[in-house]
Amino acid sequence: MEDSGQIGAGSLMPAPSLAGHPSSESSAPVQAVCDPNLVKQYILDLIPVLLGRSDEEDAITALFAFPDAGEKCRQFANDGQVPVLYINKENEASGKEADSDEDEAMAFSFSTVTYSLSFELTWSPTHVGSIAMIKRTPVLDPILPLSTQIQIMNLPGPASVASAPSRANDSESATAVGTVALASANPYEALHAYIHHAMSPYFNAFISAKEKADAAAAATVSVAPGVSVEGPSGMARRGDDKDAQSGIPLAKKKIAELELSLLHLQQNVDIPEVRLNIHPVVIHAVEGARQDGHKRVTVDAVSPDLLADSTFLNHLQSDVNGWIKEIQKVTKLDRDPSSGTASQEINFWQSMERALNHIEEQLNGDEVVLTMQILKAAKRFHAT
């Protein structure tokens, strides 16, 4: 990967002259312009390892088919105001919406993978993940390997599990895939892992080495004859005072607090907000009945021809099946009371109560009642 950061001497562009005059020995040195193709090749080397798959070669190379991709590479390499470049991967399903767990599992095989570059991050259900390329210097130096000038961070997205090839051949496996995908939508776990396993140990290792170096330097200081030398305890007190003034203890405390907060956020169980999908014909019928002053909508508000229309009835049946799946996302939620804090347990059940009340309001609404009446009148009893 570091090979992509190496370039030959012939690929350097000559430093521009000042004010149109040839440069001389007395002129100030000018930073050589970094070829954006170096950044492009570096990205193409990164994606298969950190974000892509072996069967996505066409999608990866298509990244630079976008007109602005090359310009973003140029800005990232040579613009001091652009400190980071994100490589984003999206996974958009191209098939019809799945009506069952088995269909949902198969839908993963019919998806379109796209890559893009951006200077800002976004979050969406189709976002598989991003690679953050962070510059260590304002402008990249074409002489040095890019691996020494760029820091890399892999950021998973909510669709990171769904992007993998699905091998679920039964409803149990499909449900497992959906459960893992739902868990991957929580970024707190990834952030906590970065803090706990990388950032905090990195910071502590540096501070520990710095303290040892300072102690060794203090021990080797030559002292003039007749000058008293502090004992080890006195030197330790001076070291503690120096650390306190530099803010190191406070930084350690803040890192520990951030790590603990992210851990608590992981233990929180988010209750999804359920919105039942209503067929447009039903919505129109309810609105018309309300305008006519009817307090309760009946099946008479729908054209008799629709009651015999199998396509319309199948749509309603599919909507009802979708309601069941959406409601079960809430009713099947649970949390381990032995994990987390008492306030998290209270917040969970309060959120659950609000979610169930919201579902009940929708189920008692005119739109849902009319949908069930239509299916009952059409003798679709397995839905009612």
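The values are calculated or read from the model by the stated rules, or taken from the named source; none is laboratory data. Given the structure is predicted, the values throughout are model-derived calculations rather than measurements. Neighbour counts are summed over all protein chains in view; Cβ atoms, including those assigned to glycine, are modelled from backbone coordinates with ideal geometry. For the accessible areas, the whole protein counts, side chains as well, though only heavy atoms, and no ligand, DNA or RNA atoms are used. Shrake-Rupley method; radii C 1.70, N 1.55, O 1.52, S 1.80 Å.
The table for this structure:
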{"item": "With all protein chains modelled, accessible area of Ile152 [1.4 Å, Å²]", "result": "70"}
{"item": "Cut-off 15 Å between beta-carbons: net charge of the residues surrounding Val82, Lys and Arg +1, Asp and Glu -1", "result": "0"}
{"item": "Cα coordinate range in the range 297-366, projected on the principal axes (Å, largest first)", "result": "57, 21, 7"}
{"item": "Cα shape, the range 333-384, gyration tensor, a/c 1.5 rule", "result": "oblate"}
{"item": "Potential lengthening between Ala251 and Asn37 on full extension [0.36 nm per residue; Cα-Cα distance subtracted]", "result": "73.1 nm"}
{"item": "Environment charge at Val369 (Cβ cut-off 11 Å; Lys +1, Arg +1, Asp -1, Glu -1)", "result": "0"}
{"item": "Exceeding the 22 Å Cα-Cα cut-off - candidates Lys89/Lys329; Lys325/Lys376; Lys40/Lys89", "result": "Lys89/Lys329"}
{"item": "Percentage relative contact order, the range 268-384, counting C-alpha pairs under 8 Å, at least six apart", "result": "44"}
{"item": "Per residue accessible area in Å² of the range 111-151, where ligands, DNA and RNA are left out and the probe is 1.4 Å", "result": "47"}
{"item": "Simple spin-label estimate for Ala377 and Asp309 in nanometres, 7 Å along Cα-Cβ", "result": "1.3"}
